[in-house]
Amino acid sequence: MKVLPSIDISDSVAVKRIKGKNNSGIKLGNPVDVAKEIIELGYDSIHVVDLDAAEGKNRNLEHIREICRLGFSFVQVGGGIREIDDASKVLEAGASAIIMSTLPFTDENKFLKIVDSIGKDKVLVSLDYNSSGEILIRGWSTSSGFSILRAISNLNNFGIKGIILTFVENEGTKGGIDKHVGDYVKSLHGIKEYAGGISSMEDLLFLSKVGIDYAIIGMAFYSGSLRGVRYV
């Protein structure tokens, strides 16, 4: 299993929010400088979320472009991707794959048009879920009406690159992972990723054992507890 550090960009600053709440967590500085530190530690893959774009502000394309130029072999980017043009601009900036979380549940036809336009191998979907197994959308503020198992079953039909299981209740908290994640992983097709609450090597070993391919770390990386851990 590979470990992916994450960079969230808000007001053109790298941040790590607690449970996605604005003005919570920590500010880390220039996103490109943070990415340089990550690649210098030996990481070859990175997870980037453009919170400004997700909130309807300007997209941080220049930051994304500069991060992609640093030499990562894989850069996945999410945040506010709602149109083919959004996806195309992010990929043109150098991203290896885009991430969507709301559109697959609010406008499946538009989602599939984007998939067809850019290619299935460049699309990841983040399933942002809570302890009830409910998928949340629009910045985790609204129920999608889908359970996680129903969402997985639906997305498996589309042949996309993979799915990120994001346990929103512990995202940014180092509060521990969702131990039920193994029940979901066995149903997934494609790349299997996990984010939310990762705090220790024990968490990483558990995720590796149940079949996760990529573990996304944020607060545990920036606080130092898992800084430098690249593979499990």
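If I ask for residues that are among the hydrophobic types (A, V, I, L, M, F, W, C) and part of a loop (DSSP other than H, G, I, E, B), which ones from the stretch 82-114 would you list?
Of everything in the stretch 82-114, those that are among the hydrophobic types (A, V, I, L, M, F, W, C) and part of a loop (DSSP other than H, G, I, E, B) turn out to be Ala93, Ala95.
Of (1) more than 19 Å from Ile191 (Cβ to Cβ); (2) part of a helix (DSSP H, G or I), Gly42 satisfies all except one. Which?
Going through (1) more than 19 Å from Ile191 (Cβ to Cβ); (2) part of a helix (DSSP H, G or I) one by one, Gly42 breaks only (2).
Could you figure out which of (1) out of contact with any strand residue (DSSP E or B) (no Cβ under 8 Å at 6 or more places or on another chain); (2) among the hydroxyl-bearing types (Ser, Thr, Tyr); (3) closer than 20 Å to Phe158 by Cα isn't true of Ser96?
The number of the failed condition is (1).
Please go through (1) closer than 25 Å to Asp203 by Cα; (2) in contact (Cβ under 8 Å) with a residue 24 or more places away in the chain; (3) of a type in the set (A, V, I, L, M); (4) open to solvent by less than 20 Å² (accessible area, probe 1.4 Å) for Leu28 and return the number of the only condition it doesn't satisfy.
So the condition that Leu28 fails would be (4).
Which pairs do you get when a residue that is closer than 13 Å to Val123 by Cβ, found in the stretch 78-90, comes within reach of a residue that is assigned to a helix (DSSP H, G or I) and hydrophobic (A, V, I, L, M, F, W, C), reach meaning Cβ atoms under 7 angstrom, with the pair 6+ apart or on two chains?
Ile81/Ala87; Ile81/Val90; Ile84/Ile114; Ala87/Ile114; Ala87/Ile118; Ser88/Ile118; Val90/Ile64
Of everything in the stretch 172-218, what is in contact (Cβ under 8 Å) with a residue 40 or more places away in the chain and within 12 Å of Val3 (Cα to Cα)? Give them in sequence order.
Matches in the stretch 172-218: Glu193, Ala195, Leu204, Leu207, Ser208, Ile212, Asp213, Tyr214, Ala215, Ile216, Ile217, Gly218.
For the stretch 51-81, how many residues are modelled with pLDDT of 95 or more, open to solvent by 70 Å² or more (accessible area, probe 1.4 Å) and not in a helix (DSSP H, G or I)?
Residues meeting the conditions: 2.
Got a number for residues in the stretch 202-225 being of a type in the set (A, V, I, L, M) and under 17 Å from Tyr43 (Cα atoms)?
So the count comes out to 6.
Does at least one position in the stretch 119-128 carry a residue that is touching a residue at least 24 places away in the same chain (Cβ under 8 Å), in contact with an Asp or Glu (Cβ under 7 Å, 6 or more places away or on another chain), under 20 Å from Ser6 (Cα atoms) and open to solvent by 10 Å² or more (accessible area, probe 1.4 Å)?
No, the stretch 119-128 contains no residue that is touching a residue at least 24 places away in the same chain (Cβ under 8 Å), in contact with an Asp or Glu (Cβ under 7 Å, 6 or more places away or on another chain), under 20 Å from Ser6 (Cα atoms) and open to solvent by 10 Å² or more (accessible area, probe 1.4 Å).
The values are calculated or read from the model by the stated rules, or taken from the named source; none is laboratory data. Remember, predicted model here, so these are calculated numbers, not experimental data. Positions of Cβ are backbone-derived with ideal geometry, glycine not excepted, and every protein chain shown enters the neighbour counts. Note: accessible area is taken over every heavy atom of the protein model, side chains too, but ligands, DNA and RNA are not part of it. Shrake-Rupley method; radii C 1.70, N 1.55, O 1.52, S 1.80 Å.
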